Amino acid sequence: MSELVVTDLVAGYGDARVLHGLSFIVAPGEICAILGPNGAGKTTLLRALSGMVRGRGSVRLGGTELTGRSPDAIARRGVAHVPEGRGTFMPLTVEENLRLGAYVRRRRTGVDADLDRIYTYFPALKSRLRQTAGSLSGGEQRMLAIGRALMLRPRLLLLDEPSLGLAPLITRELFRIVRAINEQERTTVVVVEQNAHLALGIAQQAHVLETGRIVLSGTAEQIRADEQVAQSYLGYRV
Amino acid sequence: MAGFLQQVVEGLGAGAIYASLALALVLIYQFTGIVNFAQGELAMFSTYLAWQFTAAGLPFWLALVITLVVSFAGGMLIERVIIRPVEGAPELTVVIVTVGLFIFVNAAAGWIWSFLIKDFPNPFPEGALTAGGVSVGYSTLGILGVVGVVMGLLYLLFQHTKIGLGMRAVASNPGSARLVGIRVGWTLALGWGLAATVGAVSGVLVAPLLFLDPNLMGGVLIYAFAAATLGGFDSPVGAVVGGLIVGVAETLAGAYVGFIGSDLKIGVPLVIILVVLLLRPRGLFGRAVVERV
Ligand SMILES: Nc1ncnc2c1ncn2[C@@H]1O[C@H](COP(=O)(O)OP(=O)(O)OP(=O)(O)O)[C@@H](O)[C@H]1O
Ligand SMILES: [Mg+2]
């Protein structure tokens, strides 16, 4: 049984095709890392999964077809996308940002409890509830964006470069939390990351993307062990 | 001194009307970046509806409620049918669509109700409240009261309801709003509906002071533009404060600046627009203008 099944996914912007038929599957509760050089189409892949760009082919989540649906409809089916950059509502307070994460949840029960859970993951947010999101530091904004995504109680969490622009210490902490969330909530995660070392550290599966095609797939260990891959695609030496 | 206060009070009365139409402009602008040039004409059309209902014998306040409901639905419908197709089109296209809407609504009102002026009933009693040499007409008090209630309701909507929170999210970041599952298209339509409703209030308030004809709101629209520019086109609070300032400035200029008098008063909003655009383009309460490169 697979949670996410992507088949022959083609997507792009206008006439410019960026993804040329991707196929991969993610098992329930698994973390899947998407690696690859700049411009490979990693962000575009996440956008196609969350409906931000139109794709052709098939994306099935728990058996439900997602392609062709609007982003808000896909969010209502439990997909939370933390976009590249900040993606927060700057003029709104931290608490309002988090509550917006629960916007599509029918019942209000559990929302307050979930807020508390998010504060245990990200204590820095708790002391800033009434501050506007725009006044947070870059790292706090990333935490807020992830916290907001969790408020949806997603079955699939899409993370785009969570480490971008963060200090190494904060980045490591963030990945530890993503791992904890994945283990405690059984949330399936697709994470795009430039820092291959970190991503492979928490993922079970990984795919290497180049110019819109998957050029290599395997378990995190296999990818990490492949020295040639490490040098040509991941930009670090083993 | 009493004379001066008298002018200020009257200015506030006029300003409250500008504020309400400016609020309607801002309600649409903050979600879509669209300046709705037809806002005044829509308000005029709503005012005719209210007139029609009272002429048919309905009590004034009932006629008003029906008018507001119809205006809300009409505003949403216009967004869905006319604005939606040009969503995301170049600014000029959208401007031309709203100008076209202006002309169409104006002509439609003339066709339905003729261009002859009509008397619009004043919902407020005659007379005035006098204190310390300053007399405030019940009509002025009523206008301030109604606009105050409208502000209060909008505040409650935006700050204390889930829909209002969603609307603010769309205004701040439509992309992320989609990702949390908000139906952005419907939110924009809701914005148009609210704007049409608030605009209808301003039309109904101003009509008893002027006469009802299809060009009822032409002058008011210019003041509303000045108010929204002064307050900041993306700030509802700014629209209200801007409206009140413009109203008072206009009245004082008419009373105290010799050569202006009542004929040249229309120059006041134009001067305000110009000065604000030169000195502080985002207005008093607006967010910083972010230039996209
Ligand atoms: N909004 C857009 N409109 C048009 N083309 C785009 C847009 N966004 C990305 N592209 C193009 O699509 C291709 C893939 O971009 P994408 O952002 O998916 O890459 P990426 O793998 O996320 O890169 P990075 O590691 O730099 O974030 C690039 O060639 C880029 O120029
Ligand atoms: Mg990217």
inquiry  = Compute a Gaussian network model of chain B, connecting alpha carbons closer than 10 Å, and tell me which residue from B:24, B:200, B:177 fluctuates the most.
reply    = B:177
query = If you stretched the chain out fully between residue A:20 and residue A:58, how much longer would it get, using 0.36 nm times the residue separation minus the C-alpha to C-alpha distance?
reply = 12.4 nm
ask   = Tally Lys and Arg at +1 and Asp and Glu at -1 over the other residues with C-beta under 15 Å from the C-beta of residue B:191: what net charge comes out?
value = +1
ask   = Given the C-alpha centroids of region A:1-22 and region A:28-78, what is the distance between them in whole angstrom?
value = 8 Å
key: Choice from B:67, B:32, B:130 with maximal GNM fluctuation in chain B (Cα, 10 Å cutoff)   = B:130
request  = State the Cα centre-to-centre distance between region B:86-118 and region A:103-160 in whole Å.
outcome  = 44 Å
Relative contact order for chain A, counting Cα pairs under 8 Å that sit 6 or more residues apart, in percent = 27 percent
note = Comparing each residue of region B:120-167 in the complete protein assembly with the chain by itself (heavy atoms, probe 1.4 Å, ligands and nucleic acids ignored), those losing at least 50 Å² of accessible area are B:162, B:165
task = Provide the per residue accessible area, probe 1.4 Å, for region B:80-217, rounded to a whole number of square angstrom.
result = 47 Å²
Computed over region A:1-45: relative contact order in percent, which uses C-alpha pairs under 8 Å that are six or more apart = 38 percent
inquiry  = If you take every residue apart from residue B:99 with its C-beta less than 14 Å away from the C-beta of residue B:99, what net charge results, scoring Lys and Arg +1 and Asp and Glu -1?
reply    = -2
message = How charged is the neighbourhood of residue A:98? Take every other residue with its Cβ under 9 Å from the Cβ of residue A:98, and add Lys/Arg as +1 and Asp/Glu as -1.
response = -1
message = For chain B, what does the relative contact order come out to in percent, with C-alpha contacts under 8 Å and a separation of six or more?
response = 36 percent
remark   = Log entry, pair B-A: total buried accessible area, probe 1.4 Å, protein chains only, in Å² rounded to 100, is 1700 Å²
inquiry  = How much accessible area per residue does region A:53-182 have, counting only protein heavy atoms and a probe of 1.4 Å, in square angstrom?
reply    = 42 Å²
inquiry  = Given the -39500 (n - 2.57) contribution per DSSP H run of 4+ residues, what per-residue ellipticity at 222 nm results for the protein assembly as shown, rounded to the nearest 500 deg cm²/dmol?
reply    = -17000 deg cm²/dmol
message = Taking loop as defined by DSSP and a crowding limit of 14 other beta carbons within 10 Å, which chymotrypsin sites (Phe, Trp or Tyr not before Pro) in region B:178-245 fit?
response = B:211
ask   = Carbon and sulfur together cover what percent of the accessible area of region B:80-127 at a 1.4 Å probe radius?
value = 70 percent
message = Quick check: at a probe of 1.4 Å, how many percent of the accessible area of region A:160-214 sits on carbon and sulfur atoms?
response = 52 percent
ask   = For region A:1-41, which whole-number percentage of the solvent-accessible area (1.4 Å probe, protein heavy atoms only) is attributable to carbon and sulfur atoms?
value = 53 percent
note = Mean other chain Cβ within 10 Å across A:96-105 is 5
note = Most fluctuating of B:222, B:34, B:182 in the GNM of chain B (C-alpha, under 10 Å) is B:182
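The values are calculated or read from the model by the stated rules, or taken from the named source; none is laboratory data. Owing to the predicted nature of the structure, the values given are computational and were not obtained by experimental measurement. Note that we place each Cβ from the backbone using ideal geometry, even for glycine, and neighbour counts take in every protein chain shown. Remember, those area values only see protein heavy atoms, side chains included, never the ligands or the DNA or RNA. Shrake-Rupley method; radii C 1.70, N 1.55, O 1.52, S 1.80 Å.
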